[in-house]
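Asks: Below you'll find the structure I mean.
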Amino acid sequence: MGKTARLTLIHEGLCILPSRGKNSKPHFGSRFFLNHAGRCVESFQSLFTMSIEMNKKTFGFLMVTLLLVAFLGLSACAPKSTSTPTAESHTLPHWTYEGEEGPSNWGKLDPAYETCTTGKSQSPIDISKAIEQDLSNITFHYQPSKVNILNNGHTVQVNYDAGSYIELDGARYDVAQFHYHAPGEHEIDGKSFAAELHIVHKSAAGSLAVVGILFQEGAENAAFAPLIQSLPAEKTDVKDAGVTINAADLLPSVQTTFRYSGSLTTPPCSEGVHWLVMTTPVELSTAQLSKLESIFGGNNRPVQPLNDRPLVEDNTP
Ligand SMILES: [Zn+2]
């Protein structure tokens, strides 16, 4: 018998370990064997061999525990759902102002638009029974901007040059862009207006404040000429129209506002928007209004319920 064979000879009972006497049972996980000198020695085995030789109950318990730990570990790291949309894979659906994809169905078009249906602080609203208060004035710090204009398929928008802002209750909101709706979106005591301009402002923290200016038919308005002459009739990327405009000139002379907390008036209808609707409408000529309507006529969301929101009117210019 060769050395190797003798080392692997395992023979319980016949092998006597001097310290433990004849017929000693091996320790857990060990075996006796005769070494090359013919002496009886004890050898510990690998974990794998040990597990095979454990009694079935102990082995089963250990394996269940290992599998459970592995499962919990994987669950904690796994994404909630493999179908979770990502910015790369999920394009938000098209929406319109009429038909199947119109305002009454916006909330059903995509979960991202849900607030359009479920939101309780939606815009626009019919402004009536506003509570008059002496509110702190909005201060306008508007500078001229290039007319960086685009038609996004829902409105014509001017992306405003950086540096113009308003101060509202001590906070700064920078002008991001303005765009129009025709007819207007907000109503006053049930009366609708020919069009409405929205000057959208954003604070450094990301909250929005929108100044709404209502238009009614009247005299030609020279301040709007650079916008009116630059309107792109078809969907376009942003382009520099080569003219400048100053949002300060678009404001009415009396700058008191109706104020309430509302939403975007287009999907996703996000709430938490500070609405500042000018109490005094601004005049545009019939020709100017026609030009606006010729590109977008009917891009207005219907008025939404006020619910229990406070609606106040600043009564001090
Ligand atoms: Zn708007």
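Asks: Taking the range 130-154 only, how many residues are buried (at least 18 other Cβ atoms within 10 Å of the Cβ) and under 17 Å from Ala182 (Cα atoms)?
Replies: Restricting attention to the range 130-154, the residues satisfying the condition of being buried (at least 18 other Cβ atoms within 10 Å of the Cβ) are 130, 138, 142, 145, 147, 149-151.
Narrowing further to those that are under 17 Å from Ala182 (Cα atoms): 150-151.
Total meeting the criteria: 2.
Asks: Condition check: more than 19 Å from Asn246 (Cβ to Cβ), in a strand (DSSP E or B) and more than 16 Å from the ligand (Cβ to nearest atom). Does Glu132 satisfy that?
Replies: Numbers: more than 19 Å from Asn246 (Cβ to Cβ): yes; in a strand (DSSP E or B): yes; more than 16 Å from the ligand (Cβ to nearest atom): yes.
When the stated conditions are applied, Glu132 passes them.
Asks: Ok, one more. I need the full set of residues from the range 190-230 which are within 16 Å of the ligand (Cβ to nearest atom), within 17 Å of Val156 (Cβ to Cβ) and of a type outside the set (Phe, Trp, Tyr), in order please. Quick ask: steps written out before the conclusion?
Replies: So in the range 190-230, the residues within 16 Å of the ligand (Cβ to nearest atom) come out as 192-202, 208-215, 227.
Applying the additional criterion that residues be within 17 Å of Val156 (Cβ to Cβ) yields 194-200, 210, 212-213, 215, 227.
Within the range 190-230, Ala194, Ala195, Glu196, Leu197, His198, Ile199, Val200, Val210, Gly212, Ile213, Leu227 qualify.
Asks: What do you reckon, is Ser230 over 24 Å from Asn148 (Cβ atoms), assigned by TED's automatic domain parsing to the domain that holds His154 and either outside any strand (DSSP E or B) or over 32 Å from the mean Cα position of the chain (by Cα) (or both)? Give the steps one after another, and end with the answer.
Replies: Details: over 24 Å from Asn148 (Cβ atoms): no; assigned by TED's automatic domain parsing to the domain that holds His154: yes; either outside any strand (DSSP E or B) or over 32 Å from the mean Cα position of the chain (by Cα) (or both): yes.
Criteria not met by Ser230.
Asks: On the given criteria, is Asp237 in the same structural domain as Pro124 (by TED's automatic domain parsing), in a loop (DSSP other than H, G, I, E, B) and of a type outside the set (Ser, Thr, Tyr)? Break it down into steps so the answer makes sense when it comes.
Replies: On the way: in the same structural domain as Pro124 (by TED's automatic domain parsing): yes; in a loop (DSSP other than H, G, I, E, B): yes; of a type outside the set (Ser, Thr, Tyr): yes.
Yes; evaluated as a whole, the condition is true for this residue.
The values are calculated or read from the model by the stated rules, or taken from the named source; none is laboratory data. As the structure is a computational prediction, the values presented were derived from the model and not from experiment. So basically every Cβ, Gly included, is an ideal-geometry build from the backbone, and we count neighbours across all protein chains shown.
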